[in-house]
């Protein structure tokens, strides 16, 4: 009887540990609307990798490590920062509690503009094979992004509320990188970035 009770307790603790790890590292997300079509469709369910853009402050870490001096706070990404072309879930500016899914098109420090439906970053037009041809967009004046800002757009430019409307997003507003879609089963697979 003692052995059975012990095994049941071990199974419960292991299940709780696995649930905790999963809830800290991944999140599911349901696409609402057509702002990311043809890449993502309304009603699709996604898995978001919440640790993809995790970071730490080198100065705070240096306080724990003897003989390591760091003068200035320096945020370092554990894996890598968001990159152009990646699909991310984030909290848009001035919309607390809401999460959107869009594609990163411009990175910190870059100058982004839109001319005749073409996104131009640092003077170079982006090749965007994921944007439907009919999805041209109005012009936007050049904008230089700050050191922690990203410019995000929906793939369906005609039906997307994105950085063109509320400006760039900051890195701390990003929930994570979209990893794959799992529902409906016909659309199951990794998201190309």
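The values are calculated or read from the model by the stated rules, or taken from the named source; none is laboratory data. This structure is a prediction, so every number in the text was calculated from the model and none was measured. Cβ sites come from the backbone with ideal geometry, for glycine too, and all protein chains shown count toward neighbours.
Data table
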quantity	calculated
Strands (runs of 3 or more DSSP E) fully within segment 48-139 counting 1 or more residues that are modelled with pLDDT under 80 and surrounded by 13 or more Cβ atoms within 10 Å (Cβ to Cβ)	55-57, 75-77
Flag for residue 148 being in contact with a helix residue (DSSP H, G or I) (Cβ under 7 Å, 6 or more places away or on another chain) and surrounded by 13 or more Cβ atoms within 10 Å (Cβ to Cβ)	yes
